[in-house]
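Everything below concerns the one structure shown next.
Computed from the coordinates by the stated procedures, all read-outs in this text should not be read as laboratory data. Not measured: the values here are computed from a predicted model. Note: ideal-geometry Cβ built from the backbone for every residue, glycine included; neighbour counts use all protein chains shown.
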Amino acid sequence: MLTRWSDVDRMFNTINLLRNSIDGLSSDFDRSYRWNVDWPGETSTPKTNIYDLGGKFEVRAEVPGFSRNDLSIKIQGNYLELSGTRSAKIPEGYSVHRIERKTASFTRSFTLPTEVNADGVEATLKNGILRLSLPKSAAAQPRQIAIG
């Protein structure tokens with residue numbers, strides 16, 4: 001029995017459409033699905049924004065569950081390093097029923113476009129947001145030059 005080529009071509013187009021749908025599904029299964037992967041504090045590094053405000057940089061990092069004693073900030077020239085460790089201590093006399101909030105630690109480092117005046121840095125921690133104000137060094141600040 002002879003069939004028309006258009007029927008065969010339509011059949012292969014349908015098979016390709018099915019294959020593309022299956023490929024889309026398999027790429028979803030290749031992702032790492034873990035409990036709480038998108039919850040703040042459970043990822044390996046905090047989400048961080050860095051803004052350039054002209055005379056200074058402002059850094060905002062999400063660090064929920066970390067206290068100021070858990071965090072460390074190091075600045076050298078234009079290199080910034082944020083690190084922290086949060087422990088989940090079991091109180092004495094308590095037995096564990098369930099633990100979902102585990103010990104967490106992170107280290108993030110950034111190379112800023114210009115050097116920072118380390119003496120003028122201000123850091124605050126409020127509602128799980130670490131905010132750093134990093135004034136640029138005097139050499140990095142733009143200066144108005146008078147024409148003589």
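Points to keep in mind about this one:
- Residues considered: SER105, SER83, SER67. Of these, the only one that is surrounded by 13 or more Cβ atoms within 10 Å (Cβ to Cβ) and within 20 Å of the chain's Cα centre (by Cα) is SER83.
- Note on the stretch 72-116: residues that are touching a residue at least 12 places away in the same chain (Cβ under 8 Å) and in a strand (DSSP E or B) amount to 21.
- Of all residues in the stretch 117-148, those being over 23 Å from the mean Cα position of the chain (by Cα) and assigned to a loop (DSSP other than H, G, I, E, B) number 10.
- For the stretch 44-62, a residue qualifies if it is more than 17 Å from LEU134 (Cβ to Cβ) and either in contact with a helix residue (DSSP H, G or I) (Cβ under 9 Å, 6 or more places away or on another chain) or not in a strand (DSSP E or B) (or both), and the qualifying residues are SER44, THR45, LYS47.
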